[in-house]
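Each remark here refers to the structure printed beneath this line.
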Amino acid sequence: MTAHAPRQPLPTDLPADARLPRHIAIVMDGNGRWAQRRGRPRTFGHRAGAKTVRLCVRVCLEQHIEALTLFAFSSENWKRPQEEVGALMKLFLRSLDREVDELHEYGVRLRFIGERSTLAVPIRQRMDAAERRTAANTALTLTIAISYGGRWDIAQACRTLAQCVADGKLDPIAIDEAAVARHMALADLPAPDLFIRTGGDHRISNFLLWQSAYTELWFTDALWPDFDRAELSRALADFTARERRFGLTGAQVDAPSQGACA
Ligand code: FPP
């Protein structure tokens, strides 16, 4: 696969000109159960889950999807048993060491969102280096949310704005939705169009709370290590069939020239 190769056919009957999402966000749930069903430790499931990450990156590159954001470790995951947290951190470190060359070759811009101060220095150093190295790539922006929470994200944006006010650089009256949005993580990307959660639960679990206001939600019972090309294609096909209204009426969406400004 080379950066910007022609779009590959999906294993669905989607027309070639189907409107795919520009930005997909995924909660990768079910690693632990996948491993336990095989009588193995939960960490075995996380390692298997890393392979599914690779597959999703590949499909996004093939389909020319602009951005993929993955929830790898939440603000709340720190409360898991220390052994599991340690194993996950080791897996992130190893994945960074192993995958960055290939991602760079494919033209992937790698980014991380979340509270970095909670992460060990070697991981932070690898993250910073990977971001710097891939910063100019344009085939796909792959964002890994690590030590991330949607509420943390909103709080950090508010803190930045409050500091600007305290420094006399911002009038509180100027704080509107656009001002908050500029300080949220992923401010430079289109909002996620499609949110996928594997593992059977139907909730957002403190992922991109602000950014997902009009995101289409799609849930599957498949556990993350079992999530495959066919399942991702089903999610994409379902997305293309939805009518997105963003608060307008169906008639306005069908005839945009007669919208609010007519
Ligand atoms: C949720 O499943 C998954 C996680 C908390 C970790 C996700 C991490 C990976 C997929 C590893 C690779 C990622 C990168 C970016 C290298 P769970 O443990 O909550 O599963 P359960 O619901 O079955 O217990």
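The values are calculated or read from the model by the stated rules, or taken from the named source; none is laboratory data. It should be emphasised that the depicted structure is a prediction, and the values quoted were computed from it without experimental measurement. Here the Cβ positions follow ideal geometry from the backbone for every residue, glycine too, while neighbour counts run over all protein chains shown. Please note that ligands, DNA and RNA were not included when accessible areas were found on the heavy atoms of the full protein model with its side chains. Shrake-Rupley method; radii C 1.70, N 1.55, O 1.52, S 1.80 Å.
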Practice item. Please name all residue pairs, on different chains or six or more residues apart, with Cβ atoms under 9 Å, provided the first residue is in segment 69-80 and is among the small types (G, A, S) and the second residue is more than 10 Å from the ligand (Cβ to nearest atom) and in a strand (DSSP E or B). Key: A72/Y148; S74/S147; S74/Y148; S75/S147; S75/Y148
Revision key, fill the gap. H64 meets each of (1) open to solvent by less than 30 Å² (accessible area, probe 1.4 Å); (2) in a loop (DSSP other than H, G, I, E, B) with one exception, condition (1)
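Mind counting the residues in segment 138-159 that are not aromatic (F, W, Y) and not in a helix (DSSP H, G or I)? Explain how you work it out, then say what you get.
Going through segment 138-159, the residues not aromatic (F, W, Y) turn out to be 138-147, 149-151, 153-159.
With not in a helix (DSSP H, G or I) added as a condition, the list becomes 138-147, 149.
Qualifying residue count, segment 138-159: 11.
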**Study point:** Flag if Q82 is at pLDDT 95 or above, open to solvent by 40 Å² or more (accessible area, probe 1.4 Å), more than 23 Å from I204 (Cα to Cα) and near the ligand (Cβ under 9 Å from one of its atoms)
**Key:** no
Review point. In segment 43-61, what residues are open to solvent by 30 Å² or more (accessible area, probe 1.4 Å) and either of a type in the set (A, V, I, L, M, F, W, C) or near the ligand (Cβ under 8 Å from one of its atoms) (or both)?
Key: F44, R47, V53, L55
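With respect to L186, determine if the residue is open to solvent by 10 Å² or more (accessible area, probe 1.4 Å), touching a strand residue (DSSP E or B) at 6+ places or on another chain (Cβ under 7 Å) and over 22 Å from M89 (Cα atoms). Spell out the reasoning first.
Working: open to solvent by 10 Å² or more (accessible area, probe 1.4 Å): yes; touching a strand residue (DSSP E or B) at 6+ places or on another chain (Cβ under 7 Å): yes; over 22 Å from M89 (Cα atoms): yes.
In short, yes.
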Exercise for review: Could you tell me whether E99 is in a helix (DSSP H, G or I), away from the ligand (no atom under 13 Å from the Cβ) and over 19 Å from D29 (Cα atoms)?
Suggested key: no
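Of everything in segment 209-232, what is within 16 Å of the ligand (Cβ to nearest atom) and either assigned to a loop (DSSP other than H, G, I, E, B) or among the β-branched types (V, I, T) (or both)? Give them in sequence order.
Of the residues in segment 209-232, the ones within 16 Å of the ligand (Cβ to nearest atom) are 219-228, 231-232.
Passing the criteria: T220, D221, A222, L223, F227, D228.
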Exercise for review: Within segment 154-166, identify whether any single residue is touching a residue at least 12 places away in the same chain (Cβ under 8 Å), surrounded by 13 or more Cβ atoms within 10 Å (Cβ to Cβ) and in contact with a Leu (Cβ under 7 Å, 6 or more places away or on another chain), and answer yes or no.
Suggested key: yes
Exercise for review: Take the residues in segment 12-42 that are touching a residue at least 60 places away in the same chain (Cβ under 8 Å) and of a type in the set (S, T, N, Q), then tell me which one is least open to solvent (accessible area, probe 1.4 Å).
Suggested key: N31
